[in-house]
1. Given the range 142-248, what strands (runs of 3 or more DSSP E) lie entirely inside it while holding 1 or more residues that are surrounded by fewer than 16 Cβ atoms within 10 Å (Cβ to Cβ) and touching a residue at least 12 places away in the same chain (Cβ under 8 Å)?
2. Those residues that are of a type in the set (Gly, Ala, Ser) and in a loop (DSSP other than H, G, I, E, B), I need them from the range 127-141; list them, please.
3. Would you please list the contacts, defined by Cβ atoms under 6 Å and residues six or more apart or on different chains, that run from a residue in the range 261-272 that is assigned to a strand (DSSP E or B) to a residue that is among the hydroxyl-bearing types (Ser, Thr, Tyr) and buried (at least 23 other Cβ atoms within 10 Å of the Cβ)?
4. Taking the range 106-131 as the search range and keeping residues that are of a type outside the set (Ser, Thr, Tyr) and touching a Ser or Thr at 6+ places or on another chain (Cβ under 6 Å), which one is farthest from Ala21 (Cα to Cα)?
5. What do you reckon, is Arg373 under 23 Å from Glu13 (Cα atoms) and in the same structural domain as Glu138 (by TED's automatic domain parsing)?
6. Taking Ala125 and the conditions (1) in contact with a Lys or Arg (Cβ under 8 Å, 6 or more places away or on another chain); (2) closer than 21 Å to Gln366 by Cα, which numbered condition does it fall short on, given that it satisfies the others?
Amino acid sequence: MIDFLFVSNGYGEDAIAASIASRLSKDCKVAAFPLVGEGSSYARHGIPILRSFAPLPSAGVSISEDAQNGLFPLLIKQWKALKSVRNEVTAAVAVGDIVPCFLSRYALKRPFHFVGTAKSVMIQAYNVLEQMLIRKAETSFVRDQETAQFLNRRKVPSLWVGNPMMDEVEEVFIHFPDSPGRTIAVLPGSRADAPENFLLQVEALTAIAQSQAVPLRAFVGLPTTLSPNDFFNKLKNWDGAISEKPQKGLIGQAVQGNLLLLFTQDCLGDILRASSIVLGQAGTANEQAAGMGKPIVAFDFDGYRDGNLSWYRWRQKKLLEEALLVTIPRPDFLAQMVIEILNNRKLYDAMSDEGKKRMGSSGACQKIADTLREWKPRI
């Protein structure tokens, strides 16, 4: 019998859920049910995956796009799959937004705990219908103190024990070669558009390098959802090599002039600590970088041309406020922003402080795991 089935709906949510599950696995039988993708984060932690599903085109970023490409048939499949394993599960842990909550409550029909990572009163508060569902959870953990206070005032018992996103940026102590110049972290994201994001980011790095008298080093945080060669093959007339072998740390490099790209996997905390600033198109990783006090510069392909951000980047901007600057998808604009931040100490410090304030402290995953462990004997 599975003590806790982790139901999560996103790559960042999978990473958080896997971190909590791994802390429980010595004392409880845990398993995973990722709603988006194959659950690579669970696999890396050795968490059994009951069922996984091919991601829709936007991987949950655009509801309208996913609705046109099979969202509702997919939800029906997930509903049936959860129903089929109902008798194997004692309780669920819904990680993400209200969708895993709904499926845990009504498809799995088991007691469930909620780890809310998607919503905050700083972006958009849980509405009345969401509050009704969260109230049915055995325990609810939310991402910031303000959101917990908001829900508790509305008789929705909620806890804030820190931000679980920040537990995923622990150092694994990878040794990187020294560099005499600037160091920038590059986070292209984990979805299908990540290689194209990377290409534009490299063009921005090239512009920055051409303006500098010293070498420029950039750590490229590659996602595990795509092949490293999807990124490396975007580089033309560069010297270097890359390994496809799964491993933590440095897996390759490329150099052109005074610009050095170091390709890495599974060591986000290390590359962020070694970097001054971030060129970031990621979701969770951008927010984790902000929480570590790193200013972030991003571009928006979808909406910025019309003077408005796309929903996804608007949501992130609303959450991070001045810790994140967003511009149009032009390398020269990105380069200009990065140089301005690095050369303006007052601006840099303001962005750094804002990110730390808005993301909060680490340590939540262990506290959530401890709470779940204490709850188990009462099942």
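1. Passing ranges, in order: 239-242.
2. Hit for the range 127-141 is Ala137, nothing else.
3. From the range 261-272, no pairs qualify.
4. Residue satisfying both the conditions and the ranking: Val121.
5. yes
6. (2)
Conditions tested, residue by residue: (1) within 30 Å of Arg358 (Cα to Cα); (2) touching a residue at least 60 places away in the same chain (Cβ under 8 Å); (3) in the same structural domain as Gln149 (by TED's automatic domain parsing); (4) not aliphatic (A, V, I, L, M).
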{"residue": "Gln78", "(1), (2), (3), (4)": "no, no, yes, yes"}
{"residue": "Val85", "(1), (2), (3), (4)": "no, yes, yes, no"}
{"residue": "Val89", "(1), (2), (3), (4)": "no, yes, yes, no"}
{"residue": "Val95", "(1), (2), (3), (4)": "yes, yes, yes, no"}
{"residue": "Leu108", "(1), (2), (3), (4)": "no, yes, yes, no"}
{"residue": "Pro111", "(1), (2), (3), (4)": "no, yes, yes, yes"}
{"residue": "Met122", "(1), (2), (3), (4)": "yes, yes, yes, no"}
{"residue": "Ala125", "(1), (2), (3), (4)": "yes, no, yes, no"}
{"residue": "Val128", "(1), (2), (3), (4)": "yes, no, yes, no"}
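Rundown of residues vs (1) among the polar types (S, T, N, Q); (2) surrounded by fewer than 24 Cβ atoms within 10 Å (Cβ to Cβ); (3) under 29 Å from Gly70 (Cβ atoms), yes/no style:
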position	(1), (2), (3)
Ile16	no, no, yes
Ile20	no, no, no
Cys28	no, yes, no
Pro34	no, no, yes
Glu38	no, yes, yes
Tyr42	no, no, yes
Ser52	yes, yes, yes
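The values are calculated or read from the model by the stated rules, or taken from the named source; none is laboratory data. Here the structure is a predicted model, which means the values were calculated and not measured. Note that we place each Cβ from the backbone using ideal geometry, even for glycine, and neighbour counts take in every protein chain shown.
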